[in-house]
Amino acid sequence: RTPRGASITGRVTNASPGYRLRDMTLLLRLHDCPSADTPRDQCPVIGESRAIARPDVPPSQIRAFTAHFGFVGVPPVVGRLDWDLAIVETRATAN
């Protein structure tokens, strides 16, 4: 967490032999789960943010990335905070 939201760091592998991965759009959702054993799909979403990471990965290589997410109007967590992350879009160019 950061004062303004959240940051995620990681590594991404470009498995394409002919395309360069330029950027990817990530979606981060925050969930307020009533209890520790409540399945995530039964926990209400209390925050959602998209961020673009630009790792610029050549074909068949790995690069690090960081994405910064901002959240507005997130209510206080009543139960247990849980989250999920998805890659919702990528942009690549011919190498």
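Numbers below:
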| read-out | value |
| --- | --- |
| Relative contact order of the chain, defined on C-alpha pairs under 8 angstrom at six or more residues apart (%) | 44 percent |
| Distance between modelled label sites at Ile62 and Ala92, nm, 7 Å Cα→Cβ extension | 1.8 nm |
| Dimensionless Rg over Rh [the range 49-95; C-alpha; Kirkwood] | 1.10 |
| Charge tally in the Cβ shell below 14 Å around Met24, where Lys, Arg are +1 and Asp, Glu are -1, Met24 excluded | +4 |
| Loop-located trypsin sites (Lys or Arg not before Pro) in the range 1-63 whose Cβ has at most 11 other Cβ within 10 Å (DSSP) | Arg1, Arg4 |
| Accessible solvent surface per residue of the chain, calculated while the other protein chains remain in place, 1.4 angstrom probe, Å² | 65 Å² |
| Bins of 10 Å, starting at 0 and running to the largest distance - Cα pair percent for the range 1-92 | 16, 39, 27, 15, 2 |
| Residues with amide H under 5 Å from that of Gln61, placed H, sequence gap 5 or more | Asn14 |
| The range 16-36 versus the range 45-95: alpha-carbon centroid distance in Å | 4 Å |
| Sites Thr13 and Asp82 - FRET efficiency at Förster radius 25 Å, r taken between beta-carbons, to 0.05 | 0.45 |
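The values are calculated or read from the model by the stated rules, or taken from the named source; none is laboratory data. Keep in mind it's a predicted model, so treat the numbers as computed, not measured. Neighbour counts run over all protein chains shown; Cβ positions are idealised from the backbone, glycine included. Heavy atoms of the whole protein, side chains included, go into the accessibility calculation; ligands, DNA and RNA do not. Shrake-Rupley method; radii C 1.70, N 1.55, O 1.52, S 1.80 Å.
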